[in-house]
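Enquirer: Please find one structure pasted underneath; my questions will follow.
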Amino acid sequence: MEHKRRLEAMRQLAQLTDLPLIEADGYEMIEYMRAVVGHEAKRCPICYKMRLEQTARAAKEKGLDAFTTTLLISPYQDHDQIIEIASDIAKDVGIDFYYQDFRSGFREGHRITKDMGLYHQPYCGCIYSEWERYAKFKIGE
């Protein structure tokens with residue numbers, strides 16, 4: 001449900017701002033769960049790799065010069081891990097990874113999305129993070 005809500009918000013933003021939107025083939029929930037089960041406390045790098053590989057391949061197929069990620073606006077994400085994983089993927093796929101620390105725009109982004117009436121997620125989106133957030137439980141402790 002979280003993925004669907006975010007995708008709909010992105011579609012609305014793209015329409016409101018006349019932004020071209022390239023949508024991926026889908027959200028591979030089963031693949032993600034298979035990759036993470038037994039490694040729940042280290043799930044973020046697994047997720048980064050899955051999402052960034054899909055992004056890099058889509059960018060390459062579209063003939064773009066580089067790829068990046070909205071993860072880079074979040075102060076809650078591990079930028080060093082993202083950079084390392086994305087750089088490896090960039091080499092493998094044959095496309096540049098564009099890094100910029102967008103965290104300074106985090107609060108402004110929240111304000112803008114609120115003003116536009118767009119959904120803003122309360123957690124990263126994975127089922128484990130949802131559980132941690134709402135059950136007040138930390139996986140791996």
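A short reminder: the numbers here are calculations on the coordinates, not readings from a lab. Because the structure is a prediction, the values reported are computed rather than measured. Note: ideal-geometry Cβ built from the backbone for every residue, glycine included; neighbour counts use all protein chains shown.
Enquirer: Quick one: order HIS39, HIS79 by neighbouring beta-carbon count within 10 Å, fewest to most.
Expert: Least to most surrounded, the residues fall as HIS39, HIS79.
Enquirer: Applying 1/(1 + (r/R0)^6) with R0 = 25 Å to the Cβ-Cβ distance of TYR123 and GLU28, what FRET efficiency is obtained, to the nearest 0.05?
Expert: That pair, TYR123 with GLU28, gives E of 0.85.
Enquirer: Please report the spacing between the Cα centers of the range 11-33 and the range 78-93 in Å, no decimals.
Expert: First find each Cα centre; the distance between them is then 21 Å.
Enquirer: Normalised by the residues of the range 2-135, what does the relative contact order come to in percent, with Cα pairs under 8 Å and at least six apart?
Expert: Relative contact order comes out at 26 percent.
Enquirer: Continuing with this model, one more query. Tell me the mean residue ellipticity at 222 nm calculated for the chain from its helices only (DSSP H runs of n ≥ 4, each -39500 (n - 2.57), averaged over every residue, nearest 500).
Expert: -17500 deg cm²/dmol
Enquirer: Which ordering of SER129, SER87 is given by a fewest-first count of other beta-carbon atoms within 10 Å?
Expert: SER87, SER129
Enquirer: Additional query: Report ³J(HN,Hα) in whole Hz for each residue of the range 59-70, in order, from the Karplus equation J = 6.51 cos²θ - 1.76 cosθ + 1.60 where θ = phi - 60°; Gly and Pro get x.
Expert: The phi angles translate into 5, 5, 4, 7, x, 7, 7, 7, 9, 8, 8, 5 Hz.
Enquirer: Mind sorting out which of [x] 2, 11, 21, 24, 20, 13, 5, 2, 1, 0, 0; [y] 2, 11, 20, 21, 16, 12, 9, 6, 3, 1; [z] 2, 9, 16, 20, 23, 18, 9, 3, 0 is the real P(r) over Cα pairs in 5 Å bins from 0, in percent computed from the coordinates?
Expert: Recomputing P(r) over Cα pairs in 5 Å bins from 0, in percent here gives the entry labelled [z].
Enquirer: Pick out, from PRO122, THR55, PHE97, the residue whose Cα sits farthest towards the positive end of the charge dipole of the range 2-135, with +1 on the Cβ of Lys and Arg and -1 on the Cβ of Asp and Glu.
Expert: Of the options given, the answer is PRO122.
Enquirer: Given points 7 Å out from each Cα along the Cα-Cβ axis, report the TYR134 to HIS39 separation in nanometres with one decimal.
Expert: Modelled inter-label distance: 2.6 nm.
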